[in-house]
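Trainee: Sharing a structure, written as C-alpha cells. Questions coming.
The values are calculated or read from the model by the stated rules, or taken from the named source; none is laboratory data. Because the structure is a prediction, the values reported are computed rather than measured. As a convention, Cβ positions derive from the backbone with ideal geometry for all residues, glycine included, and neighbour counts pool all protein chains shown. Just so you know, the surface numbers come from the protein's heavy atoms only, side chains and all, with ligands and any DNA or RNA stripped out. Shrake-Rupley method; radii C 1.70, N 1.55, O 1.52, S 1.80 Å.
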Amino acid sequence: MSDFGDVLVSRSDIARLAGVRRPAVTNWERRHPDFPAPIAPPSGSAEPEAFRADQVLEWLSGRTVPSNALQPGEPAGTTYGDRFRSALGGSRSGTLLSAVEQLAWRDADRLRGRLRMSDYVNLLLSLVFFQSQDDERWIRYVKDPGAVLRDLEVPEEYGPRLLSDVIRFLDHNPPASRDEGRQAFDRLLALLRDTDARAADEFFTPPSVSRVMARALTGHGPAAKRLHDPFCRSGELLCAYLDAVAERGGEAPEDISGRAPQEQALQLARMNVLLHGGRPRLAPGPVSPAGDAPDPPGTFDVVLTNPPFGGGRVTTVEDRQDTRQYAYARTSSVQFDWLQYVLSRLAPDGRAAVLMPSGAAFQGGAARQVRARMVEDGAVECVMALPSQLFELTRIQTHIWFLRSPQGRPEQVLFVDGAGLGHMAGRNRRSLSDSDVDRLVHAYVSWRQDREDGQDHAGIPGLSRAVDPEAMAALDYRMDPPLLVHGDAPLEAVGLDPADAKDRLAQLAEDLGRLGTEAQDADSALEKWLRRYGL
C-alpha cells in the first residue's frame, strides 16, 4: 500500500477522505496505539501535524464500515481504506485473497442467502475466475450483475441484490496478479471440498496425493509435451503437474487434455487449468467416445488419473476395434480396465500414475493374470502404498501405480510403503505433510536415477525395495508394498499358499469395510448430538 507514500494528509483530510466526521479521527488516534504517528505538517495547512497517506490507508484498510454506515452503492465488507483510496484517486489491488476469506467465511451466511453453501462457493469460484482471466466479461458483470444469473445458471432462489453486493465487493478487491487469482481459486476449491464431502470424493484427489503423483513424474527426465487425464475430476492432477513443472523451471505441456463425466466438473477443471497456466482441451466422458476417437492409442507422454473405483466396466465402441485396450486380459474388475486403458494410451517411452484401491494388488482370477502379464511385459515401474483415510467418505487404502509404455520384457519393480505416513487433518481425514510427500517422491525418483545410471538400487530401509520379476512370480504376483518392503526373509523363500492368502485378504477387506461403515455411522450420530446441544 505504498501508492501514496509522498502524500501527506491532515486529520481533517482523513475524515473527509474516509467519509467520517472529524471527531472520529481523533477518537481513532486516542483509542488505538497502532494508529499512524503524525509527521511534519503539509505546506500551507493550518493543522499542526500531518500523516503519511500510505500509512493511514494501511490502517484504515483493516477497519470495515458498519452495515448501518454504508454509503449508497457500497457493498458489504467495504473498509474505510476503500473509501480513502478511492477518494485519493486510487483503486484497490492485491486484496483479493482477504476479500475471498471474508466472502467465503466471515460473511458467507449473510451473503449466500438461501443458496446451499456448495452452490455459493461454486458461484464464487466462477466469479474469481472471470475477474482474474476475462476482463471484458468481468466489466459486463459489474455493470449488469443480472448477466451472471443468465450466464452461470445460478439457482433462482439467489437474490439479485446479494449477487450485486458480492460482485461489487470483488470489484473493489482486484487481484494484484494472476498468481493471486490462482491462490484465491485454490482456497475456494479447498472450501468446496470441505463443505461437501460427497462432492469432494466425486470431484477431488487429495492435494497431497496429487503432489506425490505429479512430482514423481516430473522429478526425472523431460516434461511431457502431451499430458492427459481420462477422468480429470476438477483438474487437480493436471494442475499439480503444471505446478511441478513450473517448480523445476520447465515449460507447460503443449497439449493438455482430459475428460470428465459431469459438466460441473468440466467447468471447474477448465477454470483450474487455465489459472495454473495451461490451455486445456477438456471434453465430456471419462474415456474416448464412439466415433472419431479423440483420444487415440499411443498418444500421450504422461497420463495421470484418479479413476472411479466402483461402477461398471470401461466400455466404448473402441473396445471392439482396439485390441490394445485389453492387451492382457478382460476382467470383471473396473480397476484393471483402467490400468489397461491407460497403458494403451501411452506413447512410446510414456509414463503414467494411476490411483488404485489397495485390493488391486492382490485380487485373484483374471486380475492376477493381468498383473502377471503387466510385470512380464515391463509395464509396471512402481507400486506405492498410501495411508488410509485420505478421502473424506471412505477409509479405503490406496496405492499409486506408476506405469510405463510396455518394454516387451520383465523389469525390476519398485515397491514403496507409505501406509504409515501422514497426520490427521480432521476427524475423518488424513493428509500427507510436505516432508511425507518429499520422502515418497525421493524414493521413486532416486530409483529411476539409479536405473538410468546403471546402478543397483537397494531401496530405502523401511520405505522402499526394488524387487526382481522372479521374486514377484514366487509370490504369485501379489504386489502389496507392505508385504514386499518389510519381508525379512528372501522374497523367493516366502511360502504362502496363494488360495489361503486370497481368502484371508478377502476376509480382512470385508471386515475393514464393515468396521469403516460402523465408524462412519457413529461419527454421524455423534455430530448430530453435538449440533443438537450447540457444540
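Trainee: Per 0.36 nm of contour for each residue apart, how much would the distance between residue 32 and residue 433 grow if the chain were fully extended, relative to their Cα-Cα spacing?
Mentor: 140.4 nm
Trainee: Something else about it: For segment 401-440, what ratio Rg/Rh do Cα atoms give with a Kirkwood hydrodynamic radius?
Mentor: Answer for segment 401-440: 1.18.
Trainee: Provide 486, 220 ordered by accessible surface of protein heavy atoms (probe 1.4 Å), highest first.
Mentor: If we order 486, 220 from most to least accessible, we get 486, 220.
Trainee: Something else: R0 = 41 Å: FRET efficiency of residue 147 with residue 86, Cβ-based, nearest 0.05? Please report the intermediate quantities before stating the final value.
Mentor: Details: r = 24 Å, r/R0 = 0.59.
Calculated transfer efficiency: 0.95.
Trainee: Now for a different question. Answer rounded, prolate or oblate for segment 326-374, using the Cα gyration tensor with square roots of eigenvalues a ≥ b ≥ c: rounded when a/c is under 1.5, else prolate when a/b is larger than b/c, else oblate.
Mentor: Cα axes put segment 326-374 in the prolate bin.
Trainee: If you take the square roots of the eigenvalues of the alpha-carbon gyration tensor of segment 397-489 and sort them as a ≥ b ≥ c, do you get rounded (a/c under 1.5), prolate (a/b over b/c) or oblate?
Mentor: The shape class here is prolate.
Trainee: Classify segment 103-205 as rounded, prolate or oblate, taking a ≥ b ≥ c as the square roots of the eigenvalues of its Cα gyration tensor: rounded when a/c is under 1.5, otherwise prolate if a/b is larger than b/c and oblate if not.
Mentor: Details: a/c = 1.69, a/b = 1.17, b/c = 1.44.
Because a/c hits 1.5 or more and a/b fails to exceed b/c, segment 103-205 counts as oblate.
Trainee: At R0 = 51 Å, how high is the FRET efficiency between residue 69 and residue 262 if r is their beta carbon distance? Nearest 0.05 is fine.
Mentor: The formula returns an efficiency of 0.70 here.
Trainee: Provide the descending list of Cα extents for segment 328-408 along its principal axes, expressed in whole angstroms.
Mentor: Ordered largest first, segment 328-408 gives principal extents of 38, 27, 17 Å.
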